[in-house]
Every structure is written in structure tokens, then in C-alpha cells.
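Visitor: What follows is a structure written as C-alpha cells; I'll ask about it next.
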Amino acid sequence: MLWSLIFLGLVQSSLAAPPIKRWDAMAEKHSWTEVPQGWEYHSPAPQGMSFQLRIGLKQDRVDDLIRDLYEVSDPAHHRYGNHLSKEDVDALVAPHPESVETLNSWLQHHGIDPEQAVYRSGGGDWITHRVTVAQAEKMLGTKYNVYHRPETGSYIVRTLKYSLPRDLHDHVDVVSPTTYFGKTEAMRVNSFMQPEVPTMQYDLNQFNADADAGEIPASCARQVTPYCLRLLYKTIDYVPGATDRNKLGVTGYLKEYTSNNDLQEFFKRFRPEALGTKLNITLVHDGLNDDERPGTEANLDVQYAMAIAHPTPTVFYSTGGSPPFIADDATMTNTNEPYLDWLEHILNETSIPQTLTTSYGDDEQTVPVEYQKRVCSMFAQLGARGSSVIFSSGDYGVGPGLCYTNDGLKTQKFIPHFPASCPFVTTVSKSTGGIPEKTAGLSGGGFSFTFPRPSYQDAQVKAYLSLIGDAYSGLYNESGRGFPDVAGQARGYQIVHKGTVRSIGGTSAAAPVVAGIVSLLNDYQLTKGQPPLGFLNPWLYSEAASAFNDIVKGSNPGCRTLGFSAHHGWDPVTGLGTPDFEKLKALLDKRITAQ
Ligand SMILES: *[C@@H]1O[C@H](CO)[C@@H](O)[C@H](O)[C@H]1NC(C)=O
Ligand SMILES: *[C@@H]1O[C@H](CO)[C@@H](O)[C@H](O)[C@H]1NC(C)=O
Ligand SMILES: *[C@@H]1O[C@H](CO)[C@@H](O)[C@H](O)[C@H]1NC(C)=O
């Protein structure tokens, strides 16, 4: 009795020396009920194999970060355009000192010297340390296995569940690699080769003559070239003036390389003024680029982003993929988590391209919720620092295949796409045809089950929901973030791949084009001494909503349904519509003049 009173007193007065933690009292952090779809168990992970273990400490002032993001991105707020510096953002995502202390003592318990051995991100919210499988298994109370994806022949090392000491749960959001499997190579299926669309055989002079006559050439409805897009979205007369400051970033993952030979051949045929323009290739986390082995996704993204934004300098970030897997090779490290690798790199740069585009994604339900939230908060950091972050919305309509949930219950639900569903990115779906444009088949769209509806889209999304009444009730989340935000052409794109012209399509095609247009708007802002547009959505859903070509016909089938229907105003098929550069630029002008 007396002893426990003394002990209690000790605990209460122990601010300097925290109470002893029970590191053996573990509690589950995340688990799956079954091996994620498409993957198969292969073998136990080699005990001596090592990988980078990343620990995401809780960000102490993340609410302030989100508040700041909204204030600097809301045209009606007096802080609009006052973006944060790297130091500002790092301070907001820093963990509480108690979290750092608690983690450090746990690391010490496992023989890791937190001062010597550990790499910390700028904000200190991610700490990374190389461990062996045996060590990670002990720390996380788990077993790692090798899993195989027959469809792509890829292998990864993951686990179906992991735990942390109870005393760490309030301090740690997520540990990786653990339960996020991802589709790895299949992430690139956002774009489809379209052999059925004949590739373009035309006389450029004749085509230009048609265009000069004031018409969008009829061939543009089937075969899309930069010229078609520049006419359709009205960027054709704009001459960029801030190319010494403005930059456009295109991400590439998982051995999707881009070829300069193809790029130059593409320019020669479809954007002659750009011939000779070089792409800046920045390698991230053992990323490579092999000119001889280009991927269609990377070639598409780079060719169209550059053709639209020319001569804006463009950076291609090639983030490391999975090296070939040898099951008994203890040195293999194919555990990359591409978003984290790239985000860690870019958030560490002091100057970030004002516009960034990514054409990769996963089914939301296959990404652990805590992992989604952390990655989404990293996109918020990019927005707060003044970058417009663009993502494609996916190519399976409201969801691929039968659309069963993976929570063990196998109920039918629509399957949103991530990061398209993150409220801090601008998501692009697809359209096709001449004016007026139509929806293009299986446009990814719907409502997040993870992220609540942000207030910037309240009015438009509520209007849509009241229009459709109880259609699909129970299959989607009415209070979730609705996406896409906007759309762009996505069929019959003419690219040069391995020296020949090919036709390709998908939301992958639309995202770099919309990014190119946003990059031109950022250019315009900079030439007028204004800040870049940064996180776009609060502007898009307010004053800019009228500057989009509304798409009112079609739907996005999936999950054995017809999907959602397009309507006047925002809808989860084509968002607000496709961009009209001249109208958007006029809105910027109006604001500048009003200052
Ligand atoms: C390429 O882009 C990166 C990232 O913006 C930058 O740090 C680097 O200096 C650029 N390289 C060249 C040669 O322009
Ligand atoms: C972040 O930047 C610092 C300073 O440039 C550098 O020392 C560090 O290695 C970088 N970290 C990563 C992960 O790029
Ligand atoms: C719907 O979204 C809200 C807000 O994100 C979330 O709290 C809720 O759990 C979601 N409902 C379902 C059924 O997932």
C-alpha cells in the first residue's frame, strides 16, 4: 500500500524521467483478413535480408498545416497566395518531443542508437533505419513473407499484420514496409494502348491549313495531337514568359523510363517548335532511366506535358522500382514504396516545381488507412508550399471487376482510387470527342471511404447527391470526398514509342495535359509578379468553376453497374469539366486588376 503510494507519487512527479514503458505489451496496428487480391504467398522472408524501415511519427501540428493550406489556397482569404517555406512546413509536421523521446527509448531497447544510426526527414516526422527481417519481426511482433504477383511476375516482402507496443500507438501513425502491398508494376495500367485507333498519317501542312481556317480539324475527334489539345483548350496563343522560374514536374515509377530519341521524334512530328528541348531527368532512390527501354506511360506523360507547356522546363522524376528478385539473396531490397520514396525526396528540396503530375494509383481499399492519411498529408505539404498537385482518376469507372470489399465480408461496394481520393490533390478524369466533349468510357470517379468531403466542394457535391437521390445507396459513401475535380481528353493520343507513332489513351493521358495547362497558368501568374496557384481545388470550385467546359452526357460504368451519370455542374464522372485556358487566364487577370 505504502509502496504503491510512493510509486504513484513517483509517476506523477516524473516529468523529466518518463515512466518505464512496457515494450512487451504489444497491440495490433494494422492487419488484412486475407492476402491482398492478385498476390500469393511465396515463402518466408530470408531472415538476414535487410531493408529501410520507415516509421511515421504523429505530426504534432498537422491540423495547423491543413488550416494554413486552406487559407493560402482560398481566393477569398487574405492569406491567399502566401505559401509556406520548407522550414514553415517542416515545423508544422514535426512530432511532439514526447513522441520523439518515446520512440527513441523503444529504438534503444532494440539496440538502435537513435542519434547515430537513424535518418530523419526535415520535419523529423519520418525516421528511417536499415534493419534485417529478423530485427523488424521482433520489433513489430510479426512475420515477413515473400509474396508473388503472377500477373506481373513481381515479388515483394510484406506482412499481413503488424503490432507496436501499446505505449507507442499514440505516437506512431504508420510503419513501412508492412501491410501496403500496392499493385507495383500494374500501377501503370492507367493507360491503354489503343491499337484500334489508326495512327496518324497526315500532312502536317494540310492539318495546319485546316486549323488556320479557324476550325478544330475533324481528325482531332479520333486522333489527338498537341495541336488539337492546344486548340481545344485554347492555350495555342499563349507565349510563356517565366520559363526562368516556372517548372513542371512529371513523376515516373517502377521502371517506366522515358526516351529522349522518342521525345525528339515526337516534337519533330507534332510540336516542331520544341525540337531540341531537353528533359531534366532527376533520379530518386536508385531510380534509373534507360533511353533504350522506354515505357509507354512515361513517354506519354513526358511528351504531352512538355508539348502543352513548351518551353517551360520540365523535370522527370524517375523513382526506383523493384530490382529482379532472387528468393535466397539476402541483399535484395525490393521493398520500395514509391510514393513515400518520391515524397521524401521532393519535400526535402527547397524549391519544388509549381506544377506536379502523376498518372499512377491504387484501389483505395488496398492501401492501409493510416498510410493513405500520411501520404495525403504529404500532398498537403506540397500544396502549402505552392505546388499544384495533379493525379489521374483511374480507368475502371466506379470500380474494377466485381467490386467486393476486402474486409473479409465481401460486400459489393464501389472502389474509389487513391491518391485520386485525397482531398489535397486535383484529380483528372477523361473526356473525348469534339466540342461539346463527352465522357470517355470508364472514367475513374466516386467518393472516398477514407476522406470526408472537404468544404470547398460542399455546394457542388450536395447538389449532385440530391439530383441522384437514393440511386446506388449503400454502394458509395455520401459523406466522402467526391472526385474527379476536372477532366481532359483521353483517347487516341498520338505518341512516339520506340521510334514509331502509336495510339494511346486513359486518364494517364489527361493528367499531364491538364498539368501542362495549369503550368501555363502558373507561368502567367509569375509573369505578373503573382504567386503560383498552389493547391487548386478551393479556387476551382469557387470562382473558376465557370471556366470549365461542362460535360453533361455519359456515365462511368463499373462494378457491374452503369456507374454515375454526368450532369450539369460537378459530377463524379468528369468533375467540373475540361479547362478553358482563356477563361481561366481572364479570371486571373480580373483578380490582378482588382488588387
Ligand atoms: C534538374 O531538376 C532538379 C530538380 O528541380 C534540379 O535540382 C537540377 O538542378 C536540375 N538539373 C539541371 C541540369 O537543370
Ligand atoms: C535532404 O537534404 C539534405 C540537405 O541537402 C541532405 O543532406 C539529405 O541527404 C537529403 N535527404 C534526402 C532523403 O534526400
Ligand atoms: C464515410 O466517410 C466518412 C467520412 O470520411 C467516414 O467517417 C465513414 O466511416 C465513411 N463510411 C463508410 C461506410 O465507410
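Visitor: How high is the relative contact order of the range 388-546? Use alpha-carbon pairs under 8 Å, at least six apart in sequence, and give a whole percent. Don't skip to the answer; put the middle values down first.
Guide: Numbers: 283 pairs, mean separation 44.1, N = 159.
It rounds to 28 percent for the range 388-546.
Visitor: For the range 349-483, max minus min Cα coordinate along each principal axis, in Å, sorted largest first?
Guide: 46, 44, 28
Visitor: What's the angle, to the nearest 10 degrees (0 to 90), between helix 62-73's Cα axis and the longest principal axis of the chain?
Guide: Around 20 degrees separate the two axes.
Visitor: Give the calculated FRET efficiency between residue 467 and residue 37 to the nearest 0.05, with a Förster radius of 41 Å applied to their Cβ-Cβ distance. Provide the component values of the computation, followed by the final result.
Guide: Numbers: r = 33 Å, r/R0 = 0.81.
For R0 = 41 Å, the calculated efficiency reads 0.80.
Visitor: Which length gain, in nm to one decimal place, applies between residue 498 and residue 592 when the Cα-Cα distance is subtracted from 0.36 nm times their residue separation? Walk me through the numbers before you get to the answer.
Guide: Working: separation 94, 0.36 × 94 = 33.84 nm, distance 4.51 nm.
This chain segment gains 29.3 nm when fully extended.
Visitor: Over 20 Å intervals from 0, what percent of Cα-Cα pairs in the chain sits in each interval?
Guide: 20, 53, 23, 3, 0
Visitor: A further question follows. Kirkwood Rh, the range 44-98, all Cα pairs: how many Å? Write down the numbers at each step before the final one.
Guide: Working: mean 1/r = 0.0723 Å⁻¹.
By the Kirkwood definition, the hydrodynamic radius is 13.8 Å.
Visitor: Measuring from the lowest to the highest alpha carbon on each principal axis, how far does the range 244-295 reach, largest first, in angstroms?
Guide: Dimensions of the range 244-295 along the principal axes of its Cα atoms: 34, 30, 12 Å.
Visitor: On to the next question. Taking the chain as the reference, fit the longest principal axis to its C-alpha atoms, fit the long axis of helix 2-12 to the helix C-alpha atoms, and give the angle between the two in degrees, 0 to 90, nearest 10.
Guide: Rounded to the nearest ten degrees, it is 30.
Visitor: Evaluate 2.2 N^0.38 Å with N set to the residue count of the range 443-509, then give the Cα radius of gyration divided by it.
Guide: On the way: Rg = 16.9 Å, N = 67, 2.2 N^0.38 = 10.9 Å.
So the range 443-509 has a normalised radius of gyration of 1.56.
Visitor: A follow-up question, please. What does DSSP give for the chain in terms of the percent of beta bridges that are antiparallel, rounded to the nearest 5?
Guide: On the way: 47 of 75 bridges.
Approximately 65 percent, going by the DSSP bridge assignments.
Visitor: Hey, what angle do you get for helix 260-270 against the long axis of the chain, alpha-carbon based, 0 to 90 degrees rounded to 10?
Guide: 30
Visitor: Also: Before anything else, pin down the relative contact order of the chain: Cα pairs under 8 Å, at least 6 apart, normalised by residue count, whole percent. Please report the intermediate quantities before stating the final value.
Guide: Working: 1325 pairs, mean separation 99.9, N = 595.
17 percent.
Visitor: For residue 255, go through the lysines and keep the ones whose alpha-carbon is under 29 Å away, minus same-chain ones fewer than eight residues off.
Guide: 143, 161, 183, 247, 268, 278, 373, 430, 498
Visitor: Right, next: So what's the range 97-149 giving for Cα Rg divided by 2.2 N^0.38 Å, two decimals? Numbers along the way, then the final one.
Guide: Values: Rg = 12.9 Å, N = 53, 2.2 N^0.38 = 9.9 Å.
It is 1.30.
Visitor: Helix-derived [θ] at 222 nm for the chain: sum -39500 (n - 2.57) over DSSP H runs of at least 4, divide by residue count, nearest 500?
Guide: Numbers: 15 runs with 169 residues, N = 595.
Taking each H run of at least 4 residues, the total per residue is -8500 deg cm²/dmol.
Visitor: What are the semi-axes of the equivalent ellipsoid for the range 428-563, taken as the square roots of 5 times the Cα gyration tensor eigenvalues, largest first, in whole Å? Intermediate values should be presented prior to the final figure.
Guide: On the way: eigenvalues 145, 108, 33 Å².
Result for the range 428-563: semi-axes of 27, 23, 13 Å.
Visitor: Full extension from residue 143 to residue 349: what is 0.36 nm times the residue separation minus their Cα-Cα distance, to one decimal in nm? Before the final figure, lay out the partial values.
Guide: Details: separation 206, 0.36 × 206 = 74.16 nm, distance 3.56 nm.
Extending this stretch completely gives an extra 70.6 nm.
Visitor: A further question follows. Which length gain, in nm to one decimal place, applies between residue 21 and residue 479 when the Cα-Cα distance is subtracted from 0.36 nm times their residue separation?
Guide: Working: separation 458, 0.36 × 458 = 164.88 nm, distance 3.93 nm.
Extra length available between residue 21 and residue 479 comes to 160.9 nm.
Visitor: Could you list the residues of the range 78-106 with an amide nitrogen less than 17 Å from a label point located 7 Å from the Cα of residue 115 in the Cα-to-C-beta direction?
Guide: Residues 100-106 qualify, since their backbone N sits under 17 Å from the label point.
Visitor: When the Cα centres of the range 385-420 and the range 554-579 are compared, how far apart do they sit, in Å?
Guide: Cα centroid of the range 385-420 versus Cα centroid of the range 554-579: 14 Å apart.
Visitor: Work out how far the C-alpha atoms of the range 226-325 reach from end to end along every principal axis, then list the three figures in whole Å, largest first.
Guide: 50, 28, 23
Taken together, the values in this text are just the output of simple stated rules run on the coordinates, not laboratory data. Predicted, not measured: the structure shown is a model, and the values here were computed from it. Here the Cβ is made from the backbone with ideal geometry for all residues, glycine too, and neighbour counts use every protein chain on show.
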